[in-house]
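The values are calculated or read from the model by the stated rules, or taken from the named source; none is laboratory data. All values reported here derive from a predicted model rather than from experimental measurement. Don't worry about glycine lacking a Cβ; one is built from the backbone with ideal geometry, like all the others, and counts go over all protein chains shown. For accessibility, only protein heavy atoms count, side chains too; no ligands or nucleic acids. Shrake-Rupley method; radii C 1.70, N 1.55, O 1.52, S 1.80 Å.
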Amino acid sequence: MAKSKKALIDGLNEDLANELGASILYLYQTSVATGWDGEELREFLAPEITGEMTHAIFLAQKIADLGGKPTTVPKQHRSPKSVKDMLKYDLKLELEAVENYRLRTIQAEEAGEIGLKIKLEEMILDETGHAEQIQRILKGM
Ligand SMILES: [Fe+2]
Ligand SMILES: [Fe+2]
């Protein structure tokens, strides 16, 4: 396997672990959040449980198609207790995801995977949207 392809698969596997971890974290947070803020967090975050899982499903299939082995181990998170701190934590994750996918588009291009590059750009759009939404919510808290 070419070095650029190997690096791409390794990177995608990190992304997969992050997406699985984010989906589980959001499931946890929507389950335990309380109060009015918690109610709003639940409404905003619930669709992202499946949203991040959809990203994970895409990545796992792509890793397998590229000849790699998709990880089954999610990134572990310890959620802060207050809703505001949860949102700050989630914002950090979303911004990290944007940066990781930015690097991954470069690796995809280097490996000649242009279709993947376009899909990763769409995922950057998703994660940027999440980050901007959280930033707006935090501004009003
Ligand atoms: Fe995601
Ligand atoms: Fe996200």
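Taking the conditions (1) open to solvent by 50 Å² or more (accessible area, probe 1.4 Å); (2) in contact (Cβ under 8 Å) with a residue 60 or more places away in the chain; (3) within 16 Å of ligand 2 (Cβ to nearest atom) in turn, G67 satisfies each one other than (3).
Mind counting the residues in segment 22-47 that are within 12 Å of ligand 2 (Cβ to nearest atom), at pLDDT 95 or above, farther than 22 Å from L116 by Cα and of a type outside the set (S, T, Y)? Residues in segment 22-47 being within 12 Å of ligand 2 (Cβ to nearest atom), at pLDDT 95 or above, farther than 22 Å from L116 by Cα and of a type outside the set (S, T, Y): 3 in total. The condition (being open to solvent by 70 Å² or more (accessible area, probe 1.4 Å), within 11 Å of ligand 1 (Cβ to nearest atom) and either in a helix (DSSP H, G or I) or touching an Asp or Glu at 6+ places or on another chain (Cβ under 8 Å) (or both)) is satisfied by just one residue among E52, E96, E39, E127: E96. Scoring S79 on the criteria (1) within 11 Å of the chain's Cα centre (by Cα); (2) surrounded by fewer than 17 Cβ atoms within 10 Å (Cβ to Cβ) leaves a single failure, condition (1). When you scan segment 56-70, do you find a residue that is of a type in the set (D, E) and more than 22 Å from A17 (Cβ to Cβ), even just one? No: zero hits. For T72, the conditions (1) of a type in the set (S, T, Y); (2) in a loop (DSSP other than H, G, I, E, B); (3) surrounded by 20 or more Cβ atoms within 10 Å (Cβ to Cβ) all hold with the exception of (3).
Does A17 qualify as being under 17 Å from L59 (Cβ atoms) and at pLDDT 95 or above? Here the answer is yes, as A17 does meet what is asked. Do we have L59 as assigned to a helix (DSSP H, G or I), within 30 Å of K139 (Cα to Cα) and within 16 Å of ligand 2 (Cβ to nearest atom) here? So L59 fails the test. Being within 12 Å of ligand 2 (Cβ to nearest atom), more than 12 Å from L8 (Cβ to Cβ) and among the polar types (S, T, N, Q) holds for only one residue in T128, T72, and it is T128. Residue count for segment 3-36 under the criterion of being open to solvent by less than 20 Å² (accessible area, probe 1.4 Å) and not in a helix (DSSP H, G or I): the result is 1.
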